[in-house]
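What follows is calculated from the coordinates using simple rules that are stated; it is not laboratory data. Computed from a predicted model, the values in this text were never measured in an experiment. Virtual Cβ from ideal backbone geometry, glycine too; neighbours counted across all protein chains shown.
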Amino acid sequence: MEEFIQHTINGLSLGSIYALVALGYTMVFGVLQLINFAHGDIFMVGSFFGLYAMRFFAPHFQPGPVLAILVMGCAMTASAVLGVLIEHLGYKPMRRAPRINILITAIGISLFLEYGGQLVFGASPQFFPPFFEKTQFHIFDSVTIDSNQISIFLIACLLMTALQFLVFKTQFGRSMRALSHSLDTANLIGINVNQVIRITFMLGSTLAGAAGVLYALAYPKVEPLMGVLPGLKAFVAAVLGGIGNITGAVIGALILGLSETYVAGYISSTYRDALAFIILIIVLLVRPSGLLGKKRIEKV
Amino acid sequence: MQKIKHYLNQTVVKIFLLLFVSFLISWVLSGFPFSDQALSQILFLKPFRTSGLLSPYVYSILILLGINVMLSVSLALLNGFCGLFTMGHAGFMAIGAYSSASFIMFAIPSSTPLLLKLIAAVLIGGSMSAIVGFVIGYSSLRLAGDYLGMVTLGFGEIIRIAILNIDAVGGARGMIDIPQFTNLFSVMFVSALIVLIVKRIRESRFGRTMFAIKENEIAAQMMGINPTKIKVQAFVFSSFMAGMAGALFAHSEGYLSTQTFTFVKSFEIIAMNVIGGLGSISGAIVGGALLTVLPEGFRVLQDFTGIDLRMIIYALTITLIMIFLPQGLMGSKNGNVKEFKWLK
Amino acid sequence: MKFFSAFFTFVLAFAFLLTQGCTKKNDTILIGNYGSMTGAEATFGLSTKDGITLAIEEINVAGGINGKKVDMKVYDNGGKPEEARLSVEKLINVDNVVAILGEVASTRSLAAAPVAQQYKVPMISPSSTNPEVTKKGDYIFRVCFIDPFQGMVMAKFAFNSLNLKKAAVLRDSKSDYSMGLADYFTKTFTELGGTIVADEKYQSADVDFKAQLTSLKTKAPDFIFIPGYYTEVGLIARQARDLGLTVPLLGGDGWDSPKLFEIGGDALTNSYISNHFAAEDPRPEVQKFVTSFKARFGVEPDGLASAGYDAANILFEAMKKAKSLEGSELRTALAQTKDFKGATGVISLDENRDAVKSAVILKIESGKFKYVETVNP
């Protein structure tokens, strides 16, 4: 029983990490129908900028909320700038191009960031010092949970609510939704399409930067290829929940985290990495639009 | 009956022509050897990496180039003709490579003539891969677009992880001591054959239906086309050819490891297609050739820069081609694709 | 028009290939190094390259080999076996190197070794531990332990010296090194009479190991054997301690890196590894290597760098002794390497061209390796 509770805690904390990355993914997809493969790498750049901010500020501040805000702020700003840059240079010229071309561009940018990262940041993994002392809690005898896990879970839920509010309750959200229906119509009714897309990208990348720092807090090792696996997993989570759906992304991520942990813990750890894809395949075959996604009817 | 006979004649003649031309080119490239030994090396498919016009290094690149062209052309059938976006082609290649290697190593006596071995390897690799292709194609029929891409990517990764955990084929260490009998001649012949087949497919009724489905599936359905059948057929054909490429790869490298068949390899094959121009066979050939030669060619730059910029330039090239030449090298603005004259 | 642009690019790229590397200077000795300088295992390739670079710079300052300077060509393979083979093909046929150093990973050494063997160019692998590598032919050497030896050393140490009887294994299913070491450890440990209570797997580049560790914990092992690389072990150790697993962690030479302590921190206390050498070892070779590496690259050397350094120096030693730099002469000289005093121990090459050297057991205490004992082969 205790083992089960421990697995559940582990699974939820892993899932909330995936959720942080999946939120940005799903938002960009929801608006542009674009799988932004570079998202995982923006996430990586975010955590590296967090690391450099940390090194810069650490001598002047004690670990605590101030340092946390500074580090997060730097990481989020840097990745927002990067996101806007990528959108402007890479995706904007391709707005009317076939989907597959945009996807290849995304992959190209992602590879560029990865290999560029290995050159600029160095290929060896680096330690990310904590900017918050974590506290361990013991439930029952041997079940442990720490403050990082709790706060990451809470932040993921908080961000989900905030995004939900942004998309459904604000003027900007309304333009985003209009855009996701049809780019041309949105343009015709007076929405500044380019600006909405830019801001969406900025928000998505900011989220990626924040996720990068929180991720590095939970797993204090940063390296240039750290974004690949979480990126893929988060994508699977987003598809699982119904891509473009914000609540769906978080639920999908939690399900993915839990099932990975249960399978590795109870059945076999051999096929743990394949599991994400097996889930993806099953979900898409049974319910192609994901758990919460709306079914799209194709017309001639 | 008469018609079939006529067709058969034509195809057989063409295949012989291909054989002859491939032999001729291999003979020229290996430096016009006249000794019996050298000639038999080309004909009876022993690896000939001896001196000739080509350094063994360029020779190896040419073999890889041929294999990449096969992969790229086989993907063009799915991606370019039928509009099925798949990201798991490396998985098909892996199945072909591993199954043919295990067949040759464990199932048949090592005294079998090399030519027979080669034919067996290519056929086994192709069929195993086609079976998997059938399963994947059949099960992912309901999906389209990016979703199909993700599911096939998932299948590709599952195949890779499954192979990684089979100890009989070496697991993480990889499969060693695979008999090497692929040579330039066999690679050239098989890749020319694949190009020929794909060209014939495109001109056939089957090919036209694929294009119809790509343009508009529902409209195609209205015309009495069964998209399910056509799509599964396309998957089977494509994976068969990718499996053949995998088999040739296995017997030219002599060593297989799952590190080769990651999803990066699948991306590479897609990139070959898109850079060449989607839907164009010539494009697939050009793309396959370019993406084989470029990474090797960029090695020279290291002498000037001191650091390894190879992969960065590679990534940048793909991105820039996509931005500035969205139709690919062999595409044109009005949506038509260009072909080499001999492929028209 | 399109056709021409495509054709032109292609021809240009091909011309690149044909023209490069035609110059061969006679006053230098060119050696080749191939490794993964980009991609997931870049950090291993780059470390090794640094070690080799240092060795080359030292020998050149000391006057070179019989008056000739040593130069190195480095090719990246991005972690792909087929590129490893291609780059060795290029090193031998285009650049005409006299010897090859590389690869770190056994998988890529296995892919490239047949080429070196075919052209009779000696190849020394700094850290490919799979026994199969040197079986590829008599021109293939290595300067590191092989998996069976290291697995046996750790099993015996755990069973006899630490008196621990219940082992749990956590291995990296993607890494050949980890799988091999885990297998041989399991074999020896069960032969000695110990039990393996759990055998879990992870994949390199994973960051979350809590699921595996939680189920290991319920099996109550006396210790956990983690034959992995430092890139993952630091996080594994942290998460194990977070989950309340306080048993000792045991590992192999893959742990040896300053990054290990950086990432693992205090969580690594009470762990043991087997390694080639101890940094506190007073032997002058070790101390000289550590200080000059630090002076040159600004960081402490890791195990891979020191293995690369030794591989290069053994090669230079053989070059000095060999009658000529022909492959066969060099090979003979290499095969006779005996009691070479390197940074990773005193190395002799046996008839299988594998390094015979003693292993040291180190204990991790307050962020440092402490010498425990030496195990002779």
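Report, to the nearest 10°, how far helix C:2-19 tilts away from the longest principal axis of the Cα atoms in chain C, using its own Cα long axis and a range of 0 to 90°.
The answer is roughly 90 degrees.
Starting from the alpha-carbon convex hull of segment C:147-275, give the projected area averaged over all orientations, in nm². All intermediate terms of the calculation are to be shown ahead of the outcome.
Numbers: hull surface 25.9 nm².
It is 6.5 nm².
Just tell me how shielded C:97-109 is by partners: mean number of partner chain Cβ atoms within 10 Å of each residue's Cβ, no decimals.
Details: counts 0, 0, 0, 0, 0, 0, 0, 0, 4, 4, 11, 4, 0.
Mean partner-chain Cβ count within 10 Å for C:97-109: 2.
Relative contact order (percent) for segment A:2-286, with alpha-carbon contacts under 8 angstrom and 6 or more residues of separation?
Working: 450 pairs, mean separation 113.7, N = 285.
The normalised contact order for segment A:2-286 reaches 40 percent.
Relative contact order, percent, of segment C:147-275 when contacts are C-alpha pairs under 8 Å separated by at least 6 residues?
Working: 241 pairs, mean separation 32.9, N = 129.
That works out to 26 percent.
From the C-alpha gyration tensor of chain B, pull out the three semi-axes of the equivalent ellipsoid (sqrt of 5λ each), sorted largest to smallest, in whole Å.
Values: eigenvalues 178, 121, 103 Å².
Calculated on Cα positions only, the semi-axes equal 30, 25, 23 Å.
For every other residue with a beta carbon closer than 11 angstrom to the beta carbon of B:Ala172, add +1 if it is Lys or Arg and -1 if Asp or Glu, then tell me the sum. Working shown, then result.
Numbers: positive: B:Arg173, C:Arg171, C:Lys174, C:Lys201; negative: B:Asp167, C:Asp172, C:Asp176, C:Asp183.
Neighbour charge sum, excluding B:Ala172 itself: 0.
Once the convex hull of the C-alpha atoms of segment A:2-286 is built, how many Å³ does it hold per residue, rounded to a whole number? Intermediate values should be presented prior to the final figure.
Details: hull volume 40.1 nm³, N = 285.
Looking at segment A:2-286, the number lands at 141 Å³ per residue.
Please list, or write none, the aspartates and glutamates whose alpha carbon is within less than 18 Å of the alpha carbon of B:Lys3, excluding same-chain residues fewer than 8 places away.
B:Glu203
For n ≥ 4 DSSP H runs only, could you compute -39500 (n - 2.57) per run for chain C, divide by its residues and tell me the 222 nm figure to the nearest 500?
Values: 12 runs with 162 residues, N = 377.
Per the formula, -13500 deg cm²/dmol.
For a quick check: with amide H placed at 1.01 Å from N, whose amide H comes under 5 Å from C:Leu250's, ignoring anything fewer than 5 positions away on the same chain?
C:Ile224, C:Phe225, C:Ile226, C:Tyr272
Please report, in debye to the nearest 20, how large the charge dipole of chain B is about its Cα centre when each Lys and Arg carries +1 at its beta carbon and each Asp and Glu carries -1 there. All intermediate terms of the calculation are to be shown ahead of the outcome.
On the way: 24 positive and 14 negative charges, 228 e Å.
Dipole magnitude for chain B comes out near 1100 debye.
If I fit a long axis through the Cα atoms of helix C:284-297 and take the longest principal axis of the Cα atoms of chain C, what angle between them do I get, 0 to 90°, rounded to 10?
So the inclination is approximately 70 degrees.
Taking amide H positions as placed 1.01 Å from N in the peptide plane, with prolines and chain starts having none, which residues 5 or more places from C:Ile29, or on another chain, fall under 5 Å of its amide H?
For C:Ile29, the qualifying residues are C:Lys69, C:Val70, C:Asp71.
Divide by every residue of chain A the summed helix terms, -39500 (n - 2.57) for each DSSP H run of at least 4, and state the resulting mean residue ellipticity at 222 nm, rounded to the nearest 500 deg cm²/dmol. Don't skip to the end; give the middle numbers.
Numbers: 11 runs with 206 residues, N = 300.
Dividing the helical sum by the residues of chain A leaves -23500 deg cm²/dmol.
Per residue of B:57-66, what is the mean number of Cβ atoms on other protein chains within 10 angstrom of that residue's Cβ? Write down the numbers at each step before the final one.
Working: counts 14, 7, 2, 8, 5, 1, 1, 4, 1, 0.
The shielding value for this peptide is 4.
Taking the radius of gyration and the Kirkwood hydrodynamic radius from Cα positions alone, what is the Rg/Rh ratio for segment C:31-99, to two decimal places?
On the Cα set of segment C:31-99, Rg over Rh gives 1.03.
Once a ≥ b ≥ c are taken as the square roots of the eigenvalues of the Cα gyration tensor of chain C, is the result rounded (a/c under 1.5), prolate (a/b larger than b/c) or oblate (a/b not larger than b/c)? Walk me through the numbers on the way to the answer.
Values: a/c = 2.01, a/b = 1.54, b/c = 1.31.
Because a/c hits 1.5 or more and a/b exceeds b/c, chain C counts as prolate.
Connecting C-alpha atoms closer than 10 Å in a GNM of chain C, tell me which of C:Ala113, C:Ala240, C:Ala99 has the biggest fluctuation.
C:Ala240
Mind ranking A:161-171, C:156-166 by how tightly packed they are, going by the mean number of other C-beta atoms within 10 angstrom, highest first? Walk me through the numbers on the way to the answer.
Values: A:161-171: 13.6, C:156-166: 15.9.
The packing order, highest mean first, is C:156-166, A:161-171.
Using Cα springs under 10 Å in a Gaussian network model of chain B, which residue among B:Ile63, B:Ile159, B:Ile225 shows the largest mean-square fluctuation?
Fluctuation is largest for B:Ile225.
Can you give the average number of partner chain beta-carbon atoms within 10 Å of each beta-carbon in peptide C:83-94, as a whole number? Walk me through the numbers on the way to the answer.
Details: counts 5, 3, 6, 10, 3, 2, 8, 8, 1, 3, 9, 5.
Per-residue shielding by partner chains comes out at 5.
Using the Karplus curve 6.51 cos²θ - 1.76 cosθ + 1.60 with θ = phi - 60°, what ³J(HN,Hα) values do you get for each residue of segment B:241-246, in whole Hz, with x for Gly and Pro?
Residue by residue, segment B:241-246 yields 5, 5, x, 4, 4, x Hz.
From the Cα gyration tensor of the protein assembly as shown, with a ≥ b ≥ c the square roots of its eigenvalues, which class applies: rounded if a/c is under 1.5, or else prolate if a/b is larger than b/c, or else oblate?
oblate
Treating only the Cβ of Lys, Arg, Asp and Glu as charged (+1, +1, -1, -1), what charge dipole size does the protein assembly as shown show about its Cα centre? Round to the nearest 20 debye. Intermediate results must be reported in sequence, preceding the final value.
Working: 85 positive and 72 negative charges, 704 e Å.
Value, rounded to 20: 3380 debye.
Using Cα springs under 10 Å in a Gaussian network model of chain C, which residue among C:Ala211, C:Ala220, C:Ala116 shows the largest mean-square fluctuation?
Of C:Ala211, C:Ala220, C:Ala116, the most mobile in the Gaussian network model is C:Ala211.
Under the Karplus relation 6.51 cos²θ - 1.76 cosθ + 1.60, θ = phi - 60°, what is the ordered set of whole-Hz ³J(HN,Hα) values for segment A:6-20, x standing for Gly and Pro?
Result, rounded to whole Hz: 4, 4, 5, 4, 4, x, 5, 5, 5, x, 6, 5, 4, 4, 4.
Can you list the HN-Hα couplings for segment B:284-291, worked out from phi with the Karplus curve (6.51, -1.76, 1.60; θ = phi - 60°), rounded to whole Hz and with x for Gly and Pro?
Karplus-based 3J(HN,Hα) across segment B:284-291 equals 4, 5, 4, x, x, 5, 4, 6 Hz.
What shape does segment A:86-185 take by its C-alpha gyration tensor, where a ≥ b ≥ c are the square roots of the eigenvalues and a/c under 1.5 counts as rounded, a/b above b/c as prolate, and the rest as oblate? If you can, show how the numbers build up before the last one.
Numbers: a/c = 3.34, a/b = 1.40, b/c = 2.39.
Oblate shape, in that a/c is at least 1.5 and b/c is the bigger or equal ratio.
Give the span of segment A:28-170's Cα atoms along each principal axis, as three whole-Å numbers ordered largest to smallest.
Computed over segment A:28-170, the largest-to-smallest principal extents equal 56, 40, 31 Å.
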